[in-house]
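Working notes for the structure below.
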4 protein chains.
Amino acid sequence: MSKQLNIGVIGAGRIGRLHTENLLKHPQVNVKAIADLQIDHARAWGNGLGIPLLTQDAEQIISDPGIDAVFICTSTNTHIDMIERSAKAGKHIFCEKPISFDVRGTRLALQAASDSGVKFQLGFNRRFDPNFRRVREIVASGQIGDPHLIKITSRDPSPPPHDYIKVSGGLFMDMAIHDFDMARFLSGSEVDEVYVQGAVLVDPVIGELGDVDTAVIMLRFRNGGIGVIDNSRQAAYGYDQRVEVFGSLGQVNVQNDFPNSAEISTAGGVFRDKPKHFFLERYEAAYRLEIESFINAILNNEDVPVSGEDGYEAELLADAARKSWLEKRPVSLSEYSMSTS
Amino acid sequence: MSKQLNIGVIGAGRIGRLHTENLLKHPQVNVKAIADLQIDHARAWGNGLGIPLLTQDAEQIISDPGIDAVFICTSTNTHIDMIERSAKAGKHIFCEKPISFDVRGTRLALQAASDSGVKFQLGFNRRFDPNFRRVREIVASGQIGDPHLIKITSRDPSPPPHDYIKVSGGLFMDMAIHDFDMARFLSGSEVDEVYVQGAVLVDPVIGELGDVDTAVIMLRFRNGGIGVIDNSRQAAYGYDQRVEVFGSLGQVNVQNDFPNSAEISTAGGVFRDKPKHFFLERYEAAYRLEIESFINAILNNEDVPVSGEDGYEAELLADAARKSWLEKRPVSLSEYSMSTS
Amino acid sequence: MSKQLNIGVIGAGRIGRLHTENLLKHPQVNVKAIADLQIDHARAWGNGLGIPLLTQDAEQIISDPGIDAVFICTSTNTHIDMIERSAKAGKHIFCEKPISFDVRGTRLALQAASDSGVKFQLGFNRRFDPNFRRVREIVASGQIGDPHLIKITSRDPSPPPHDYIKVSGGLFMDMAIHDFDMARFLSGSEVDEVYVQGAVLVDPVIGELGDVDTAVIMLRFRNGGIGVIDNSRQAAYGYDQRVEVFGSLGQVNVQNDFPNSAEISTAGGVFRDKPKHFFLERYEAAYRLEIESFINAILNNEDVPVSGEDGYEAELLADAARKSWLEKRPVSLSEYSMSTS
Amino acid sequence: MSKQLNIGVIGAGRIGRLHTENLLKHPQVNVKAIADLQIDHARAWGNGLGIPLLTQDAEQIISDPGIDAVFICTSTNTHIDMIERSAKAGKHIFCEKPISFDVRGTRLALQAASDSGVKFQLGFNRRFDPNFRRVREIVASGQIGDPHLIKITSRDPSPPPHDYIKVSGGLFMDMAIHDFDMARFLSGSEVDEVYVQGAVLVDPVIGELGDVDTAVIMLRFRNGGIGVIDNSRQAAYGYDQRVEVFGSLGQVNVQNDFPNSAEISTAGGVFRDKPKHFFLERYEAAYRLEIESFINAILNNEDVPVSGEDGYEAELLADAARKSWLEKRPVSLSEYSMSTS
């Protein structure tokens, strides 16, 4: 393989476009093709970017022998099919989260990728955020000793459209899945048990759609530690993405990022601007860095930093969380291993 | 009643001495007597303070018609007896937490106080901390809207002696009880359900004594909100006492207090001193303010700011928390109303 | 001398009352007498405090052989006389700043105190503030290396009455004098040269009275370092009292103290309360600690922590600052040694 | 002019390369040529970037009719010549600071640019830093009232090589010039008077070269306000770039940017990483934004945000600062208008 990578992007929605724009700035990448069913929207955006092929048909990408790797950014229900076809075609795969809503299907797709020997990286971009990455380094270094408790705050500025909620898999699968991955990433441990308190406090329609908009999730890690995630679809004060880890020797926490550090003091008090608005602003660097890691892994034939197994484990936790909420009881992950055995 | 209050202190351990020293500085208080079974220790400390009577016999205080109010600072197992005798003698009562380990006994003691018409204040000093007090004001003002989630971090710098743990009622009754009160205080709502993950991560002997040293407690409030408390007997970095409240319109949090604000920047990074060491330092002002409130309530015949009912409700929550931990399931508070009906 | 100290307070204005109330709480102090020319005001405040003598005549304190020490809290123009008489009478002296407006008179008064062998402490209370004290410790420890630059921000929330400004000695003598002392305290070095930019930006009447309300003062220290003080009579956002020291190995700074640490995040931004309002709130602990140091110095026959020389040097700097402002040029402190030689 | 801009970069040292790399990522820019006397170094870096021409001869850029704009990133002593030639050739000009060391030459070069009607932008990149930009917005909005005092902290992590100091024009012209511009930018006012205390505290060789490594600069603004700049060639704790503005209604300040927000609490205290290392990290966004502004100004025929006059005024202040240091007196800017009249 040359030191230049040819890439096709499948799905040109918000996240597909974001990845494309980052790929275009990467010195070792050629974006050769973009596929999207809504080809008119894709053209309105993509014409002028100098990408050779804009197509409605993903197969034109998958079957192109000149393409080394694909970015799967389509809706979740298509992921398994896209992964299996791309893997068979020998393309390296970068796939957005979640892999699927069906843990059995996810297993099969990952098997296909594994069998074909391609690289497979999942889009848990937050692992590349400089704050969370530093927390992981500090935990891994032993500076705060054995991790006893991990607290993750993850709250969106405002709920997605109702139409999205209908197909997203719900708060646990669509939103908390990032936090499940973060819990595993920071602790370096698997989870044994999940207990959830969910509530509909933001928008009653979300409840009518069978979902919650507010949740607190308690995790029991296999290494004995405890985890707590709190999620909300609506934080009036902006995107709230923080973690704290408490260990036997100390504690580490990270705060939100702010657009600037200006602090104004007047007779009315002390003021500053809200945190960065949403994931595009907060995770701008993380999106760039996850792509660089994927590209480096291919070019240097190294392991990808976020594997398909990471995606699978997070899906299991999302499923267990939903079950805990529905059945109002702690759910052990051993219930899954039993049912799959 | 004159504008000067005559007070007797029953129990001259650490907390009894603290209250005495604060009472001695109060311009409208005369400390007339102190009773402690360990009279030699009490004398070694109390001689020279100008207190007229140091005695081994609490009855000398309770039966003294010249004494207006008592501070009950003895070990918890004696509280019910002391409350009932003091109430019968018409003394106003300031009692340390918890009232007792037996919620039925607590009810009877509170009834006795209520029947005799004396003031009864419980020692939930943290309500008087300037930080937590400000959070309550902000929540009550509606600035952050309806409270959706309350997070309380409450971690001690190091565990108490094993002998204390044996008689303290355990982490939930002795330590988390402050946090149960804080949850009720900040939310302005009662709790419906409790779920606990407990662990022994600090000292195995604590586990052998039938207690935990680490716990995360999830609360479901009657108003629909959720609460999370995290406790540890050992925070290597010092006393950690913080809260966050997330509401429909915003969020408020308070941080630890520090002995100074000095921040040192060197080639190695940025450094500051640890938070204030423990409750004597952190809650210095709160201990003064709770006493002032009690004295004002008596002198002006107003309601006390922390009632016996507040103590009773917190005890119920501590009991439910222990049950949840033992039975590994969410415990509804309705189980208590059923059993007491 | 017994382990109990008998003290008389001369001058019962705002600062005299503050000291008296702190002295009354000190276990080793008896406040025996208070003198104030405005005896009606003094009685309205002091009756009921249990002080044996309230008088119009300071001589009743100075000539009382039962009194060990005096607090001189009268207006500045009486200080020299009070110091000389108290020293002759063998009283230890705590004197408010500045000693006088006349550096020659100050020298003579200090000589009288020195000749009589009494302790003499000056009321530079800020040296006892936990923040500034910690900065001094850090500088003295060598952690930040040789001090290169000291920046002092010192701004009052609102100007004093015009009548006070007329007799106060002006911004440099009345307000900046604390900062001159802080500069010497933190650097551990004397000052060689002063340059001032003054302005009337707050209240034109202050300018008509021959004073400034805004000033930036540059200092050249004898050890080669530089100092900058900024003063304002009116900081709309409250009392602003901060310092920064930059050294060869690092930097240390302290921030204002706040009444609480509550931080509110809403759609409008992030908010917190203003800093503590003014010197009574900010320096509450410092006022207590300076008195304790004075009393300990007497009881244990140790050096006082703030000497008359410290007061004299700060007065010289205030005088030089005013001269620099009037003459629009850097003023060398050597001009003073020449004139006094 | 098309919506695509052809640009040549003259000088491929550190700053020339930085601009080039940013220009290469800009969608509306073609970098057509790079000129550098050290052509071997330039080729070692620039080959593979896809730039059509790498040359030793700036004239090949200046005389190329296909080039719309030039970036002048050569050493300062060549700027006047490059500006005059580029202006005559009708190229828009982006020039690094300072324009020259000779204020008269600067005037003539600016006149040439003005006569030819090209855009001329100076590289005061800090105006585009999100922190400083926000401060300017807040001051301009009137939120803090009339500005009374501006404090600028500007300290480098370590001194440049001695060879650079020999030709840089010295601390005032090379380093403080950014701060002079910041003072004008934030205040919206010109400066009337400059007074400097300079010192050699970091490296005696810098003193032998006739320069200082530490300086505090006091400014008197025409609008009555005061400014203070502190500079050091060596801040052991990293790049220190902060400002504070005090106004009649309040204060605003910005802090340094940090690589992450992780805060570690252990038994030893509270720690965080140092600020971002140096200008490449701290001003990464600012460098991008200043280029975008320049390009937009050309494409839309709008005013550039930092003019040649801004560069000229900052040079005057640097010259006055050096004079103040040498002559140990406040220097009025009116001395310049007199001499040039």
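For the rotation carrying C onto A, the chain C residue whose Cβ lies nearest the axis, with the distance in whole Å, reads C:Phe271, 3.
In this simple spin-label approximation, A:Gln111 and A:Ser158 carry label points 7 Å from Cα along the Cα→Cβ vector, and these lie 4.5 nm apart. Among residues other than A:Asn30 with Cβ under 14 Å from its Cβ, the summed charge is +1 (Lys and Arg +1, Asp and Glu -1). Remark: the Cα gyration tensor places the range A:239-341 in the oblate category, a/c being 1.5 or greater and a/b not exceeding b/c. Among C:Pro65, C:Pro147, C:Pro27, the residue with the largest mean-square fluctuation in a Gaussian network model of chain C, with springs joining Cα atoms closer than 10 Å, is C:Pro27. Taking a ≥ b ≥ c as the square roots of the Cα gyration tensor eigenvalues, with a/c under 1.5 meaning rounded and otherwise prolate when a/b beats b/c, else oblate, which class fits the protein assembly as shown? Verdict is oblate for the protein assembly as shown.
One compactness figure for the range C:64-189 is 1.22, namely its Cα radius of gyration divided by 2.2 N^0.38 Å.
Sites listed here are trypsin sites (Lys or Arg not before Pro) in the range C:261-294 whose DSSP assignment is loop and whose Cβ has at most 10 other Cβ atoms within 10 Å, and the list is empty.
Within the straight-line cut-off of under 18 Å between alpha carbons, the aspartates and glutamates reachable from B:Lys32 are B:Glu21, B:Asp57, B:Glu59, B:Asp64, B:Asp68, B:Glu292, sequence neighbours fewer than 8 places apart in one chain being disregarded. Take the Cβ-Cβ distance between C:Lys323 and C:Phe278 as r, set R0 to 35 Å, and report the resulting FRET efficiency rounded to the nearest 0.05. Efficiency computed from Cβ-Cβ geometry: 0.75.
How crowded by other chains is D:211-221, given as the mean number of beta carbons from other chains within 10 Å of each beta carbon? That average works out to 3. On the basis of the beta-carbon distance and an R0 of 22 Å, D:His41 and A:Lys25 show a calculated FRET efficiency of 0.30. Mean projection of the Cα convex hull over all viewing directions, computed for chain D: 19.5 nm². The other copies place their C:Leu53 label points at 3.8, 9.8, 10.6 nm from this one, listed shortest first, where each point is 7 Å from Cα along Cα→Cβ.
How high is the FRET efficiency between D:Leu49 and A:Asp192 when r is their beta carbon distance and R₀ equals 41 Å, given to the nearest 0.05? E between D:Leu49 and A:Asp192, to the nearest 0.05, is 0.20. Spatially, the range A:200-275 and the range D:109-131 are offset by 44 Å when compared through their Cα centroids.
Shielding of peptide A:247-259 by partners, expressed as the average count of other chain Cβ atoms within 10 Å per residue Cβ, is 6. Applying both filters, DSSP loop and at most 15 other Cβ atoms within 10 Å, to the GluC sites (Glu not before Pro) of the range D:185-231 gives D:Glu190. Per residue of B:235-244, other chain Cβ atoms within 10 Å of the residue Cβ number 5 on average. For chain C, the mean residue ellipticity at 222 nm estimated from helices alone is -11000 deg cm²/dmol, where every DSSP H run of n ≥ 4 contributes -39500 (n - 2.57) and the total is divided by all residues, rounded to the nearest 500. Sorted on the mean count of surrounding Cβ atoms within 10 Å across their residues, most packed first, peptides C:128-135, A:159-166 read C:128-135, A:159-166. Label-to-label distances for D:Arg104 across copies, nearest first, come out at 5.3, 9.1, 10.5 nm, using points 7 Å from Cα in the beta-carbon direction.
Carbon-plus-sulfur accessible fraction, the range B:5-118 (probe radius 1.4 Å, protein heavy atoms only): 48%. Inter-copy label distances for C:Thr78: 5.4, 7.7, 9.0 nm (label point placed 7 Å from Cα along Cα→Cβ; shortest first). Taking each of B:Lys91/B:Lys166; A:Lys25/A:Lys151; C:Lys151/D:Lys274 in turn, the alpha-carbon distance tops 24 angstrom for B:Lys91/B:Lys166; A:Lys25/A:Lys151.
Annotation: lysines with alpha-carbon distance below 20 angstrom to D:Lys276 (same-chain offsets under eight excluded): A:Lys276. Largest GNM mean-square fluctuation among A:Ser100, A:Ser141, A:Ser261, using chain A with Cα springs under 10 Å: A:Ser261. Would you please classify the overall shape of the range A:5-118 from the alpha carbon gyration tensor, given that a ≥ b ≥ c denote the square roots of the eigenvalues, rounded means a/c under 1.5, and beyond that prolate means a/b larger than b/c while oblate covers the rest? Prolate, since a/c reaches 1.5 and a/b exceeds b/c. So which GluC sites (Glu not before Pro) in the range A:255-341 are both in a DSSP loop and have at most 16 other Cβ atoms within 10 Å of their Cβ? For GluC sites (Glu not before Pro) across the range A:255-341 that sit outside H, G, I, E and B with at most 16 neighbouring Cβ atoms in 10 Å, the list reads A:Glu302.
Placing a pseudo-label 7 Å from each Cα along the Cα-to-Cβ vector at C:Ala285 and A:Glu302 gives an inter-label distance of 4.8 nm.
The values are calculated or read from the model by the stated rules, or taken from the named source; none is laboratory data. For clarity, every value in this text was computed on a predicted model and none was experimentally measured. So basically every Cβ, Gly included, is an ideal-geometry build from the backbone, and we count neighbours across all protein chains shown. These accessible areas exclude ligands, DNA and RNA; they are computed on the full protein's heavy atoms, side chains included. Shrake-Rupley method; radii C 1.70, N 1.55, O 1.52, S 1.80 Å.
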